[in-house]
Amino acid sequence: MQSLFTDAFFKDLVLQYGTPLYVYSGDKIALQYKHLQESFDPKTTRFFYACKALTNQHILQLIRDLGCGVDCSSINEAYMAVRAGFTPERILYTSNGIAFDEIEAAVELGIHINIDSLSNLEKMGAKYGHDYPVGIRLRPNIMAGGNLKISTGHEQSKFGIPLEQIDEILQIVHRHNMHIRGLHIHTGSEIKDVKVFMEGATRLLELIDHFPELSCMDLGGGFKVAYRPDESGTNILQLAEETRLMQEAMSKRAGRPIEIWFEPGKYLVSECGYLITRVNVIKENGSTVFAGIDSGFNHLIRPMFYDAYHHIRNISQPNAPKKKYTITGNICETDQFATDRLLPEINEGDLLVFFNAGAYGYEMSSSYNARFRPAQVLHYRGDTRLISRRETLDDLMHLQIL
Ligand code: LLP
């Protein structure tokens, strides 16, 4: 897999900031957004970056400047979006399993809200009636995405209001004369097959007649990007074309224009990011050779949590003969990044770079084992800057009452 940065650039960053280190290419984020803008009809399609993937203010501001909206999964993400300068009209709050007071706080901000339970819909209707238009998150009962942990629209999923409860939804909506501005689904992450998006959209299309004030259909995020060298992502041009046809069908059925909204996270920020680590120890154990790095699932949990594959490059000796290595971390857990991976020979002190670390990398990190979260660096339009510093012992202890 081709890296966006040269090995020399990575090494320079390490000299300046040490390891482990997250580094992002803002230019890649801009390129990804541009591809969306050029593929879809901007008059009928809107994008809201699912900022749970990476919330650093510099990243949010960059995405704001590109013209993209932002999708938040908690009220704090919404506050962060406000701080990054997004106007309420460009902020979407897709809640799940939350207490009603967060919805009240979102109303205070004046942002778009998607409600995902009958009980919150009832409370919303009782308090705001027709005055505050909302979206309803539905569970379309579709199995989608890379694996069960990241599939969210299936029949056992906690997300959204099950489609079969449409009668209960309509009773609440009518009882309170609610203004339903949109219907929402998000069926999972890493959805390669465009048909899955359209299957979900078709379920929404069939509901249009029930909601006379509807102005948008939100199909969520989940565009797949390549994690493995031999993989390809969602075909964006095909998705754009099928979305265009779907948008026309929806607008025709509704008798007025219906916008299509998407909430990409990984698509915008996965490939832009790298985690640079250093090899602490090489340990031979029968046929297994462990390369132990100065990181762990405290910094990048995806391989252990989802069995996710992350491409690894040994930038210290990229052309050395290949051998099999099991890459492990330094925390007191079985934190295995890769098993028997064929990599150029690794020596202690070498630098290993993990690809696709932009989305849900730093954002899902922790300070477990009292290890510091890495620093983060952004390279954008020729400028390289630190966007968050490495944690310190004081940071780890600053909430403790001493
Ligand atoms: N919209 C909603 C309502 C979501 O729940 C998510 C992701 C997205 C959009 C963005 O999905 P994306 O385009 O990034 O696939 N942490 C996991 C994935 C779970 C994401 C949860 N929701 C991972 O590292 O793969």
Report task. Could you identify the single residue in ALA254, ALA226, ALA249 that is open to solvent by 10 Å² or more (accessible area, probe 1.4 Å), within 26 Å of GLU363 (Cα to Cα), in contact (Cβ under 8 Å) with a residue 12 or more places away in the chain and among the aliphatic types (A, V, I, L, M)? Result -> ALA226
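Residue-wise test of (1) part of a helix (DSSP H, G or I); (2) out of contact with any helix residue (DSSP H, G or I) (no Cβ under 8 Å at 6 or more places or on another chain); (3) among the charged types (D, E, K, R).
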position: PRO229; (1), (2), (3): no, yes, no
position: GLU242; (1), (2), (3): yes, no, yes
position: MET246; (1), (2), (3): yes, no, no
position: ARG253; (1), (2), (3): yes, no, yes
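Among the residues that make up the range 260-270, is at least one of them in contact (Cβ under 8 Å) with a residue 24 or more places away in the chain, surrounded by fewer than 18 Cβ atoms within 10 Å (Cβ to Cβ) and either away from the ligand (no atom under 16 Å from the Cβ) or not basic (Lys, Arg) (or both)?
Within the range 260-270, none of the residues are in contact (Cβ under 8 Å) with a residue 24 or more places away in the chain, surrounded by fewer than 18 Cβ atoms within 10 Å (Cβ to Cβ) and either away from the ligand (no atom under 16 Å from the Cβ) or not basic (Lys, Arg) (or both).
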Report task. Would you be able to say whether some residue in the range 332-348 is of a type in the set (S, T, N, Q), open to solvent by 10 Å² or more (accessible area, probe 1.4 Å), in contact (Cβ under 8 Å) with a residue 24 or more places away in the chain and outside any loop (DSSP other than H, G, I, E, B)? Result -> yes
Report summary line: Expected single match for farther than 18 Å from ARG389 by Cα, at pLDDT 95 or above and either in a strand (DSSP E or B) or in contact with a Gly (Cβ under 8 Å, 6 or more places away or on another chain) (or both) among TYR49, TYR79, TYR24 is TYR49
Query - Selected residue (criterion: nearest to the ligand (Cβ to nearest atom)) from residues of the range 349-371 that are open to solvent by 20 Å² or more (accessible area, probe 1.4 Å) and within 22 Å of the chain's Cα centre (by Cα) - result: TYR360
Query raised in the report: Applying the selection to the range 358-402, what residues are in contact with a helix residue (DSSP H, G or I) (Cβ under 7 Å, 6 or more places away or on another chain), assigned to a loop (DSSP other than H, G, I, E, B) and of a type in the set (A, V, I, L, M)?
Result: ALA359
Requested in this report: Only one of these is surrounded by 24 or more Cβ atoms within 10 Å (Cβ to Cβ) and not in a loop (DSSP other than H, G, I, E, B): ILE282, ILE276. Name it.
Outcome: ILE276
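Given the criteria in contact (Cβ under 8 Å) with a residue 40 or more places away in the chain, under 25 Å from the mean Cα position of the chain (by Cα) and buried (at least 17 other Cβ atoms within 10 Å of the Cβ), does SER232 qualify?
So SER232 does not fit the description; no.
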Report task. From the list GLY200, GLY160, GLY129, pick out the single residue that is open to solvent by less than 20 Å² (accessible area, probe 1.4 Å), small (Gly, Ala, Ser) and near the ligand (Cβ under 10 Å from one of its atoms). Result -> GLY160
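For SER119, are the conditions met, namely being under 27 Å from PHE305 (Cβ atoms) and either surrounded by fewer than 18 Cβ atoms within 10 Å (Cβ to Cβ) or out of contact with any Leu (no Cβ under 6 Å at 6 or more places or on another chain) (or both)?
Criteria not met by SER119.
So, in the range 40-57, exactly how many residues are away from the ligand (no atom under 14 Å from the Cβ) and surrounded by 18 or more Cβ atoms within 10 Å (Cβ to Cβ)?
3
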Query raised in the report: Using beta carbons and a limit of 6 Å, which pairs, at least six apart or on different chains, have the first residue in the range 1-14 and open to solvent by 40 Å² or more (accessible area, probe 1.4 Å) and the second one assigned to a helix (DSSP H, G or I)?
Result: LEU4/LYS28
Report summary line: Going through the range 95-126 in order, the residues found to be polar (S, T, N, Q), within 16 Å of the ligand (Cβ to nearest atom) and either at pLDDT 95 or above or on the phi > 0 side of the Ramachandran plot (or both) are ASN114, SER117, ASN120
Report summary line: Within the range 1-21, residues of a type in the set (Phe, Trp, Tyr) and outside any helix (DSSP H, G or I) come out as PHE5
Query raised in the report: Within the range 173-197, restricting attention to residues that are within 15 Å of the ligand (Cβ to nearest atom) and assigned to a loop (DSSP other than H, G, I, E, B), which residue is surrounded by the fewest Cβ atoms within 10 Å (Cβ to Cβ)?
Result: ASP193
Report task. Scan the range 198-219 for residues that are part of a loop (DSSP other than H, G, I, E, B), out of contact with any Lys or Arg (no Cβ under 9 Å at 6 or more places or on another chain) and in contact (Cβ under 8 Å) with a residue 12 or more places away in the chain and jot them down. Result -> LEU207, LEU219
Query - Cβ pairs under 8 Å, 6+ apart, first in the range 81-104 and closer than 25 Å to ARG139 by Cβ and of a type in the set (D, E, K, R), second open to solvent by less than 30 Å² (accessible area, probe 1.4 Å) and part of a loop (DSSP other than H, G, I, E, B) - result: GLU102/SER95
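The values are calculated or read from the model by the stated rules, or taken from the named source; none is laboratory data. All values derive from a computational prediction rather than experimental measurement. Note that we place each Cβ from the backbone using ideal geometry, even for glycine, and neighbour counts take in every protein chain shown. Remember, those area values only see protein heavy atoms, side chains included, never the ligands or the DNA or RNA. Shrake-Rupley method; radii C 1.70, N 1.55, O 1.52, S 1.80 Å.
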